[in-house]
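What follows draws every value from the coordinates through simple rules; no lab data is involved. Note that the structure is predicted; figures quoted are calculated from it, not measured. Cβ coordinates were reconstructed from backbone atoms using ideal geometry, including for glycine residues, and neighbour counts include every protein chain displayed.
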Amino acid sequence: MTGIFSNPAIEAGDGRRGAYQAPAGASFIRRQRVQKGLTQPEAAKHCRVSLRSFQRAESGDYVDPSTRRAIERALGAPW
């Protein structure tokens, strides 16, 4: 069935999707999170920060520098 809300790539194949990949312009934090296969809540828990702080850091909003460093270190920033 083809319609405005259908996805021809899924309809043509066997229904399986490939692994999600972060967009090319995504932040370092998002790329690392996606590469490790973590959701935002899982990553926030792993980094020991609140979900909202993690979301702000990932989207590029202001967070305390120590929070950003903690997130990047927990996700494997090359220091």
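Give, as a single signed number, the net charge of other residues whose beta carbon lies under 15 Å from the beta carbon of residue 39, with Lys and Arg counted +1 and Asp and Glu -1.
Working: positive: 30, 31, 33, 36, 45, 52; negative: 42, 58.
The answer is +4.
Mind listing the Cα extents of segment 28-79 along all three principal axes, in Å, largest one first?
For segment 28-79, the Cα spread along each principal axis is 25, 24, 18 Å.
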